[in-house]
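Here, each number is a calculation from the coordinates, and none is a lab measurement. No experiment lies behind these values; they were computed from the predicted model shown. A quick note on method: Cβ atoms are made from the backbone with ideal geometry, for glycine too, and the neighbour counts reach across all protein chains shown.
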Amino acid sequence: MIEVDESTLIRCAICGAVNMDKGKKNICRRCHSSIKDKHFSTQKSWAYLITGMIAYIPANMYPILISTQFGQTEGSTILGGVIFLWEHGSYPIAMVIFFASIIIPVLKFLILIYLLISVKYPLGKDKKVTKHKLYYMTEVIGPWSMIDVFVVAVLSALIHLSMVSIVAGTAVTAFAISVFFTLLSAHAFDARLIKENC
Amino acid sequence: MKLENEDALDNYIICHQCLTLHEEIAIADGSHACCTGCGGVLYRYNTQRIDHGLALSITGLIFFALANFFPLVQIEVLGTEQFITISKTIFTLFESGFYLVGLICAFLIFIFPLMIFLINLCVFALLKAQKGKKITKELLVLLAYITPWSMTDIFLVSILVALVKLIGYAQIHIGVAFWALLVFVLIDVYLVKRIQIFEIWMLHKRIFAHKDEV
Ligand SMILES: [Zn+2]
Ligand SMILES: [Zn+2]
């Protein structure tokens, strides 16, 4: 018989097995993958998050779509595209792009910043469960911000005639990098930290 | 709490959404257990899980092949016909110099989804044959790493968004591959979101409990 303190039990992120926290280096007893080291996880998460946020700036400044119509070339930024769609009455699509490209990334930045700060400092009187739900939500909705990148890829593959063509703009790369690093940041964040400090 | 030994921890489960600790209990065939903290599903129990998983991964692979060999959509602009396939979408990005985005897309909408289904197929086949305890473990670990990076569902929605943008400018014909991709996405959502990796580990444990490590 061994005595186990329930609060020290941790969940392996890879296979879901319950493990005992044995200090610095934890190896899952079932799948043998290492369970995140809590001492480094916020630093990594911060680094990815900041990279993602920096990449988000050019993603909004440069054109994401360059369309050529009868010799006239025109580039449109993410926000410009949303406004164009809205003015032309495509409200649902304008909303989808607005949510996927602006609301979700910004919300993700804010939630991750909030969670990362709340791990270090006793910030927010929210319940633990709320914070976990918040984190889980960012993991689920986060990938959906890739919509705009895929839309641009589809449009540029579909429309390239001699007269009319659509080409992806520089912002696509910046945006894809931004989404990629925000996802990495969320994965690097250790949800266990929420439990320990609130 | 007191435990017999460390392996007795297998009788416990931590909710993946809110990290509340629960003791695993036996539930009826076809039902599921919910978390007391957040209400999310903890695990399901189904005696036909392996057969379902096997059938679904094979069906999924067939539809994925269909989705790749035929055009997704065809449009008519100014009298010219244009069509796209999954590979054409990726190659256009490469051709216009967006190597990084092309590479990311290739992984998110082709390589990872394909790998997920192949791994699922192998895992369920091995579990069915009750062979390969070690390789199943390794496959399950790999599966856990790539699962968050498969985005065919998002790609499907993106195609629809792109098409709606083109309404009024071009005549649109939805291709066979689009429907195949839709079926693939539905199976993917079912396989990945419903049959959680945790449950496959539970099966793994039940099947290999009395077998020695080879
Ligand atoms: Zn594990
Ligand atoms: Zn829960």
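Using helices alone, what [θ] at 222 nm do you get for chain B, with -39,500 (n - 2.57) per DSSP H run of 4 or more residues, divided over all residues and rounded to the nearest 500?
Rounded to the nearest 500, the figure is -17000 deg cm²/dmol.
Quick one: of A:120/B:205; A:22/B:128; A:25/A:120; B:137/B:193, which pairs are farther than 30 Å apart, Cα to Cα?
On the way: A:120/B:205 38 Å; A:22/B:128 35 Å; A:25/A:120 21 Å; B:137/B:193 20 Å.
In this structure, A:120/B:205; A:22/B:128 exceed 30 Å between Cα atoms.
Rounded, prolate or oblate: which fits the stretch B:1-45, taking a ≥ b ≥ c as square roots of the Cα gyration tensor eigenvalues, rounded meaning a/c under 1.5, else prolate when a/b beats b/c?
oblate
In peptide B:30-40, how many Cβ atoms from other protein chains are near each Cβ within 10 Å, on average?
For this peptide, the per-residue mean of nearby foreign Cβ atoms is 1.
Is the stretch A:1-40 rounded, prolate or oblate when judged by the Cα gyration tensor, a ≥ b ≥ c being the square roots of its eigenvalues, rounded requiring a/c under 1.5 and prolate requiring a/b larger than b/c? Present the calculation step by step, with values, prior to reporting the outcome.
Values: a/c = 1.90, a/b = 1.28, b/c = 1.48.
Note, shape of the stretch A:1-40 comes out oblate.
For peptide B:7-15, compute the average count of partner chain beta-carbon atoms within 10 Å of each residue's beta-carbon.
5
List the equivalent ellipsoid semi-axes of the stretch A:42-196 in whole Å, largest first, each obtained as the square root of 5λ for an eigenvalue λ of the Cα gyration tensor.
Equivalent ellipsoid semi-axes, largest first: 36, 15, 11 Å.
Pop a pseudo-label 7 angstrom from the Cα along the beta-carbon direction at both residue A:88 and residue A:120 and give the gap in nm to one decimal.
4.6 nm
Determine, for each peptide in A:95-101, A:7-13, the mean count of other beta carbons within 10 angstrom over its residues, then list the peptides with the highest first.
In descending order of packing, they fall as A:95-101, A:7-13.
Using a 10 Å cut-off on Cβ atoms, rank the peptides A:149-157, B:16-24 from the highest mean neighbour count down.
Those peptides, ordered most packed to least, come out A:149-157, B:16-24.
Binning every alpha carbon pair distance of the stretch B:3-153 at 10 Å from zero, what are the percents per bin?
9, 24, 31, 19, 12, 4, 1, 0
For the pairs A:36/A:133; A:133/B:165; A:44/A:131; A:131/B:131, flag any whose C-alpha to C-alpha distance is greater than 30 Å.
Checking Cα-Cα distances, A:133/B:165; A:131/B:131 exceed 30 Å.
log₁₀ I(q)/I(0) of the protein assembly as shown at q = 0.09 Å⁻¹, via Debye over equal Cα point scatterers, no solvent, to two decimals?
Calculated log10 I(q)/I(0) at the listed q: -0.62.
Calculate the translational D of the stretch A:100-189 in whole µm² s⁻¹ from Stokes-Einstein, where the hydrodynamic radius comes from the Kirkwood formula applied to all Cα pairs, the temperature is 20 °C and the viscosity 1.002 mPa s.
Details: Rh = 14.8 Å.
Here the translational diffusion coefficient equals 144 µm²/s.
From the alpha carbon gyration tensor of the stretch A:73-113, can you work out the equivalent ellipsoid semi-axes (sqrt of 5 times each eigenvalue) and give them in Å, largest to smallest?
23, 12, 5
Mean separation of Cα pairs under 8 Å and 6+ residues apart, divided by the residue count of chain B: what relative contact order is that in percent? Please list the in-between numbers first.
Working: 231 pairs, mean separation 52.8, N = 214.
This gives 25 percent for chain B.
Pairs of Cα atoms under 8 Å, at least six residues apart: use those to get the relative contact order of the stretch B:1-45, whole percent.
Normalised by residue count, the contact order of the stretch B:1-45 is 28 percent.
Loop sites only, by DSSP: take the trypsin sites (Lys or Arg not before Pro) in chain B that have at most 14 other C-beta atoms within 10 Å and name the longest stretch containing none of them. The partial results should precede the final answer.
Details: sites that count: B:131, B:211.
In short, B:1-130.
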